1. Residues that are surrounded by fewer than 13 Cβ atoms within 10 Å (Cβ to Cβ), assigned to a helix (DSSP H, G or I) and touching a strand residue (DSSP E or B) at 6+ places or on another chain (Cβ under 7 Å): does region 41-50 have at least one?
2. Among (1) farther than 17 Å from residue 55 by Cα; (2) touching a residue at least 24 places away in the same chain (Cβ under 8 Å); (3) in contact with a strand residue (DSSP E or B) (Cβ under 8 Å, 6 or more places away or on another chain); (4) part of a helix (DSSP H, G or I), there is one condition residue 23 misses while meeting the rest; what is its number?
3. Read through the list (1) closer than 14 Å to residue 1 by Cβ; (2) within 13 Å of the chain's Cα centre (by Cα); (3) exposed (fewer than 13 other Cβ atoms within 10 Å of the Cβ), then give the number of the only condition that residue 23 fails.
C-alpha cells in the first residue's frame, strides 16, 4: 500500500486533477493507493492543523 499524506502543505485545488491522475496511474500498475484528507486541503501554507497532520501520518504508518 502507498499512503499519501500532506505533512506540510496540501495540493492546491487547481492541481487536484493532476494528483488524481498520478494516483490512478499507480493504481493501474497494481498498487493500492490511499490518500489522506490532508492532501486535498490547503490553507495558509499548511494542509491542516499540526495535530491532524501528525495523526494522519501515524495512522498511515500503522497501516
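1. Filtering region 41-50 for residues surrounded by fewer than 13 Cβ atoms within 10 Å (Cβ to Cβ) gives 43-45, 49-50.
Restricting the remaining residues to those that are assigned to a helix (DSSP H, G or I) gives 50.
Checking the rest, the ones that are also touching a strand residue (DSSP E or B) at 6+ places or on another chain (Cβ under 7 Å) come to none.
No, that holds for no residue.
2. Of everything listed in (1) farther than 17 Å from residue 55 by Cα; (2) touching a residue at least 24 places away in the same chain (Cβ under 8 Å); (3) in contact with a strand residue (DSSP E or B) (Cβ under 8 Å, 6 or more places away or on another chain); (4) part of a helix (DSSP H, G or I), residue 23 misses just condition (2).
3. Here residue 23 clears every test but (3).
The numbers here are math on the coordinates, done by the rules we state, and not lab data. Please read all numbers here as calculations on a predicted model, not as lab measurements. No Cβ is skipped: glycine too gets one built from the backbone with ideal geometry, and neighbour counts run over all protein chains shown.
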